[in-house]
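J.: Shown below is the structure under consideration.
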Amino acid sequence: MMMQAVAPQRRIPTTDSRLAPAFEMMLANSAIWKMIRESKVHQIDNVIASSGGEGMVTMGADLLRLFRAGAISRENAFICAANPDVLTRKLIS
């Protein structure tokens, strides 16, 4: 059986002192398999980010969703972001 999807989760402290799940969703499509075969795993985040129409979502995008919904603080979004610079750019736009 081959990998079909990966969905890591982090639980982020919310503004009301609970925990909210933040997800990343990677579906093993042909582009993902190509990145793995060619040892270009550093490019997988770009594939995930550009494949939202297929149901993929980056952790940063889900943190942004939680922040914009008022569920988590800006500080916690940045603490949990793998790439705070990208999150900053998305908050500005």
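The values are calculated or read from the model by the stated rules, or taken from the named source; none is laboratory data. Source: prediction; values computed, not measured. Cβ placement follows ideal geometry from the backbone for every residue including glycine, while neighbour counts extend to all protein chains displayed. For the accessible areas, the whole protein counts, side chains as well, though only heavy atoms, and no ligand, DNA or RNA atoms are used. Shrake-Rupley method; radii C 1.70, N 1.55, O 1.52, S 1.80 Å.
J.: Where does each of Thr15, Thr58, Thr88 land when they are ordered by accessible area, with a 1.4 Å probe and the largest first? Spell out each step's value before the answer.
T.: Values: Thr15 90, Thr58 25, Thr88 55 Å².
These residues rank, largest area first, as Thr15, Thr88, Thr58.
J.: Using label points projected 7 Å from each Cα along Cα→Cβ, tell me how many nm separate Ser73 and Arg37, to one decimal.
T.: 4.7
J.: Show me the trypsin sites (Lys or Arg not before Pro) within the stretch 34-93 that DSSP assigns to loop and that have at most 13 other Cβ atoms within 10 Å of their Cβ. Walk me through the numbers on the way to the answer.
T.: Details: sites: Lys34, Arg37, Lys40, Arg65, Arg68, Arg74, Arg89, Lys90; in loops: Lys40.
Answer by residue number: Lys40.
J.: Quick one: angle between helix 59-68 and the longest Cα principal axis of the chain, in degrees between 0 and 90, rounded to 10, please.
T.: Rounded to the nearest ten degrees, it is 30.
J.: Provide the net charge surrounding Ala61, with neighbours chosen by a C-beta distance below 15 Å and charges set as Lys +1, Arg +1, Asp -1, Glu -1.
T.: 0
J.: What does the charge count near Asp85 come to, summing +1 for each Lys or Arg and -1 for each Asp or Glu among other residues with Cβ under 15 Å from its Cβ?
T.: +2
J.: Let me ask something additional. Check which residues have an amide H placed less than 5 Å from Ile12's amide H, if you skip close sequence neighbours.
T.: Correct list: Ala20, Ala22.
J.: Given Cβ point charges of +1 (Lys, Arg) and -1 (Asp, Glu) and nothing else, what value in debye, to the nearest 20, does the dipole of the chain about its Cα centre take? Don't jump to the answer; show the numbers that get you there.
T.: On the way: 11 positive and 8 negative charges, 10 e Å.
Dipole about the Cα centre, nearest 20: 60 debye.
J.: Quick one: check the C-alpha center-to-center distance for the stretch 51-93 versus the stretch 21-35, whole angstrom.
T.: First find each Cα centre; the distance between them is then 17 Å.
J.: Where the convex hull is taken over the Cα atoms of the chain, what is its projected area averaged over directions, in nm²? Numbers along the way, then the final one.
T.: Working: hull surface 26.9 nm².
So the Cα hull casts an average projection of 6.7 nm².
J.: Related question: Report the paramagnetic label zone for Ser17: residues of the stretch 49-93 whose backbone N is under 18 Å from a point 7 Å from Cα along the Cα-to-Cβ axis.
T.: It comes to 71-73, 76, nothing else.
J.: Continuing with the same structure: Amide H neighbours of Ser73 under 5 Å, counting only residues 5+ apart in sequence or on other chains, H built in-plane at 1.01 Å?
T.: Under 5 Å from the amide H of Ser73: Thr15.
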